[in-house]
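Questions regarding the structure given below will be posed in turn.
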Ligand code: NAD
Ligand code: AHE
Ligand code: ZN
């Protein structure tokens with residue numbers, strides 16, 4: 001069938017909105033009509049050419065919501081008409097990783113996902129006979145896409161697509177990093193580096209669990225008001241502090257004179273490896289945990305003095321907020337519908353697919369929190 005898609009033909013070039021061809025679902029796959037999709041910084045990361053796994057030509061997008069319109073042979077857990085959120089981290093509940101109960105990183109289809117194809121090794125997308133790659137198993141920058149059954153979460157039908165699409169990445173990543181990865185306790189002191197579409201969700205996650213001190217760090221002064229809107233208690237602009245950012249932050253966390261200072265938890269939501277080091281070193285000696293959420297370019301490496309770890313600081317990573325998609329995403333949709341978490345104010349821009357390059361420009365300029373494409 002013919003579908004409308006924004007195609008990334010080459011790294012570093014604008015997307016081209018055009019008609020492409022999509023084959024129907026094969027065994028174990030579903031065809032989903034995408035109703036809305038967010039534009040995440042990771043789409044920009046891959047489009048820029050910085051992603052070591054980046055493949056072109058490709059249909060990007062991994063933060064969608066839509067309706068199942070057809071299912072392939074053997075599909076049992078969803079049916080036509082179901083409302084779903086595509087999952088770049090699937091949940092098969094059968095692979096060694098799922099069965100371990102130690103990680104959300106299902107390994108059932110990760111290899112083919114990274115190769116930009118369906119689990120059978122082929123792509124469903126093409127343009128004039130030329131293969132197009134799938135992206136993160138989702139390709140939500142198309143009004144229809146094919147996904148493995150294990151890579152969709154069924155959600156309630158009264159949830160608005162143009163809001164809950166954000167749960168497909170940003171909301172779950174930020175809130176999940178607090179709840180699932182760091183397991184932040186009430187009363188904790190936390191620092192969030194980077195107050196964009198992810199960092200603001202970390203902040204609202206910290207508010208949700210009852211953190212006492214929520215320090216936001218961003219080079220963009222406009223993010224102060226944004227952080228405060230979701231529960232941030234202090235704002236620090238590194239450009240106003242200079243080279244002494246870490247001691248400044250450590251000092252800020254002292255609430256008694258006899259404390260040595262440092263955060264119980266820090267979160268990197270920038271993808272900048274220098275910031276990741278600052279985040280680790282701003283943790284409290286003996287127990288502070290630093291959670292890396294940001295995705296760094298090919299070749300980038302993190303470093304610190306091993307002494308930082310010897311003295312009890314912990315470096316951890318978090319993908320999709322440690323969430324098990326088919327289990328956790330419907331619950332997060334419920335939290336939104338019940339008013340426990342906010343999404344609407346973070347969606348600063350909505351636009352049709354034809355304007356998708358504007359969404360990328362707004363993100364690069366730091367002018368949007370989330371842009372959502374509505375089909
Ligand atoms: P964004 O562009 O909306 O926000 C990034 C923020 O970081 C901006 O506010 C920017 O001003 C700030 N920033 C940049 N340099 C900084 C510095 N040196 N110090 C402090 N702040 C700085 O991006 P986003 O959508 O929030 O994504 C953030 C990161 O998280 C990206 O690297 C993205 O690829 C990654 N990500 C990871 C996961 C995951 O599962 N691990 C999921 C989604 C996104
Ligand atoms: N391809 C990149 C890795 C990108 C990455 O780490 N992606 C996150 C999700 S970002 C969503 O916005 C993730 O889920 N990682 C786990 C995984 O299996 O990819 C690279 O650096 O190679
Ligand atoms: Zn994302």
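Each label point is 7 Å from the Cα along the Cα-to-Cβ direction; what then is the distance between the points at residue 183 and residue 327, in nm?
Going by the 7 Å Cα→Cβ label model, 1.4 nm.
Output needed for the chain: three equivalent-ellipsoid semi-axes, defined as square roots of 5 times the C-alpha gyration tensor eigenvalues, in descending order, whole Å.
Output for the chain: semi-axes of 36, 21, 19 Å.
How compact and how long is segment 174-319, expressed as Rg and Dmax of its alpha-carbon atoms in Å?
13.6, 43
Calculate the spin-label point distance for residue 80 paired with residue 273, positioning each point 7 Å from the Cα along the beta-carbon direction, and give it in nanometres.
In this crude label model, residue 273 to residue 80 measures out at 5.2 nm.
Anyone know which of 139, 48, 77 comes out most mobile in the 10 Å Cα GNM of the chain?
In this elastic network of the chain, the residue with the biggest mean-square fluctuation among 139, 48, 77 is 77.
With contacts defined as alpha carbon pairs under 8 Å and 6 or more residues apart, what's the relative contact order of segment 228-306 in percent?
Rounded, it is 26 percent for segment 228-306.
What residue among 294, 205, 187 shows peak mean-square fluctuation when the chain is described by a Gaussian network model with Cα springs under 10 Å?
187
Compute the FRET efficiency between residue 53 and residue 357 as 1/(1 + (r/R0)^6), taking r as their Cβ-Cβ distance and R0 = 30 Å, and round to the nearest 0.05.
0.85
Only Cα pairs within less than 10 Å get springs; with that Gaussian network setup on the chain, which residue of 138, 98, 269 has the largest fluctuation?
98
Pull out the extension gain between residue 67 and residue 105, defined as 0.36 nm times the separation in residues minus the alpha carbon to alpha carbon distance; nm, one decimal. Show your work: numbers first, answer last.
Numbers: separation 38, 0.36 × 38 = 13.68 nm, distance 2.48 nm.
In short, 11.2 nm is gained.
Further, regarding this structure: Taking every pair of Cα atoms in segment 112-223, average 1/r, invert it to obtain the Kirkwood radius, and report Rg/Rh to two decimals.
Over the Cα atoms of segment 112-223, Rg/Rh equals 1.10.
Expressed as an acute angle from 0 to 90° and rounded to the nearest 10, what is the orientation of the C-alpha long axis of helix 325-337 relative to the principal long axis of the chain?
Long axis of 325-337 versus the principal axis of the chain: about 70 degrees.
Now for a separate question. Given the rule -39500 (n - 2.57) for each run of at least 4 DSSP H residues, summed and divided by the residues of the chain, what is its mean residue ellipticity at 222 nm, to the nearest 500 deg cm²/dmol?
Per the formula, -6500 deg cm²/dmol.
Take residue 158 and residue 220, extend 7 Å from each Cα along the Cα→Cβ direction, and tell me the distance between the two endpoints in nm.
Output for this residue pair reads 3.4 nm.
So how tilted is helix 199-209 from the main axis of the chain? Cα-based, degrees 0 to 90, rounded to 10.
70
Throughout, read-outs are computed from the coordinates displayed, never taken from laboratory work. Computed from a predicted model, the values in this text were never measured in an experiment. Cβ atoms come from the backbone with ideal geometry, glycine included; neighbour counts cover every protein chain shown.
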